[in-house]
Amino acid sequence: MPETGNGRAYVAQTSAAVGRELRLAMLLADMLPVARTIRVSQREPECTWPSPYARAYDARGRLLPLNRAQCRTAARWVMRAHPEANWNEAHDLDLATGILQRAGEAYRTVAGRR
């Protein structure tokens, strides 16, 4: 069985799991109405220790300002909704589809190099 980057096997998602992902994306879109993508990682730029951190980007890829509460809340929600992800790497959550991808994969898909 193929494995993910963190050593866990891929598992087919149920419709309930897909529904939860879309609900999460809708809640985050309500909290950050202009955002199109949220990048989540465990590394805050100013900290040397792991700390949930999120950045929001609009449809053009411009960084949107987040306050500390929005940043931490969004990161924690995404991390708890996707415990199978390898959080040693940054991940992008598409708020339109609810799909979570590693940050590098999201760029390859946009560039058409998938």
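Entry remark, the stretch 26-62: residues being surrounded by fewer than 11 Cβ atoms within 10 Å (Cβ to Cβ) and within 15 Å of V78 (Cβ to Cβ) number 1 in total.
Among the candidates A25, A54, A35, the residue that is part of a strand (DSSP E or B) and under 13 Å from the mean Cα position of the chain (by Cα) is uniquely A54. So, R80, is that one in contact (Cβ under 8 Å) with a residue 12 or more places away in the chain and either more than 10 Å from the chain's Cα centre (by Cα) or not in a loop (DSSP other than H, G, I, E, B) (or both) or not? Here the answer is no, as R80 does not meet what is asked.
Applying the criterion of being of a type in the set (A, V, I, L, M, F, W, C) and under 11 Å from the mean Cα position of the chain (by Cα) to the residues of the stretch 63-77, the residue that is surrounded by the fewest Cβ atoms within 10 Å (Cβ to Cβ) is W77.
Bear in mind that the values in this text are calculations on the coordinates, not laboratory data. Keep in mind it's a predicted model, so treat the numbers as computed, not measured. Every residue, glycine among them, receives a Cβ derived from its backbone with ideal geometry; neighbour counts consider all protein chains shown.
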